[in-house]
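To start, the structure under review is shown below, and the notes come after it.
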Amino acid sequence: MIETEARVLQVEPGFAWVEPRPHSPCGQCDPVNGCRSLQLARMFSLRQPRFRVLDPLGVLPGEQVNIAVPESGMLRSAALLYAGPVLALLGGAMLAAPAGELAAVAGGVLALLLALWFVRGYSRRLAGDVRFQPHVASRVSPHQLSMEFVGTCRSRS
């Protein structure tokens, strides 16, 4: 499970709207502004992120909670969204390459569009599956401090 802390903003029957706790800079790059990846995230963020998650615990607005996402779902989604279309693009281009350069481009684009259509349909089927949805895993005690220790900056590797 991949977990992060969040604050509950609003509740609905069976669901909670949460706002993830912003990550602090690790101090390896720039202690004031944070690392490059944090700066990029702030640059493209137009508003505070809000997410609808499953709420099996019945939390209340204002509570601090731990949100968990199954790791297998994240890995499957990443492979489906990134590797699938790229492999389809390359495969379509390679299969059509003997017919010429224009055919290779057309074959690659056609295979990419078919892969994206498949990804869209598959993701719609998985959207209703609770095994792949984020959920409230536990409440965070107000006296408990979350201390994150990062030995090395992940953006440098």
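The values are calculated or read from the model by the stated rules, or taken from the named source; none is laboratory data. Only a predicted model underlies this, so the values are computations on that prediction, with no experimental measurement involved. Quick reminder, even Gly has a Cβ in these numbers, built from the backbone with ideal geometry, and neighbours come from all protein chains shown.
What about Val119, is it touching a residue at least 12 places away in the same chain (Cβ under 8 Å), assigned to a helix (DSSP H, G or I) and either touching a helix residue (DSSP H, G or I) at 6+ places or on another chain (Cβ under 8 Å) or surrounded by fewer than 15 Cβ atoms within 10 Å (Cβ to Cβ) (or both)? Spell out how you get there, then give the answer.
Details: touching a residue at least 12 places away in the same chain (Cβ under 8 Å): yes; assigned to a helix (DSSP H, G or I): yes; either touching a helix residue (DSSP H, G or I) at 6+ places or on another chain (Cβ under 8 Å) or surrounded by fewer than 15 Cβ atoms within 10 Å (Cβ to Cβ) (or both): yes.
Yes.
Mind telling me which of the residues Ala115, Ala111, Ala103, Ala99 ends up being in contact with a Pro (Cβ under 6 Å, 6 or more places away or on another chain) and modelled with pLDDT of 90 or more? Steps first, answer last, please.
Numbers: Ala111 fails: in contact with a Pro (Cβ under 6 Å, 6 or more places away or on another chain); Ala103 fails: in contact with a Pro (Cβ under 6 Å, 6 or more places away or on another chain); Ala99 fails: in contact with a Pro (Cβ under 6 Å, 6 or more places away or on another chain).
Being in contact with a Pro (Cβ under 6 Å, 6 or more places away or on another chain) and modelled with pLDDT of 90 or more holds for just one of Ala115, Ala111, Ala103, Ala99, which is Ala115.
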Considering only residues of segment 34-83 that are closer than 28 Å to Arg125 by Cβ, surrounded by fewer than 15 Cβ atoms within 10 Å (Cβ to Cβ) and in contact with an Asp or Glu (Cβ under 7 Å, 6 or more places away or on another chain), which is modelled with the highest pLDDT?
Arg50
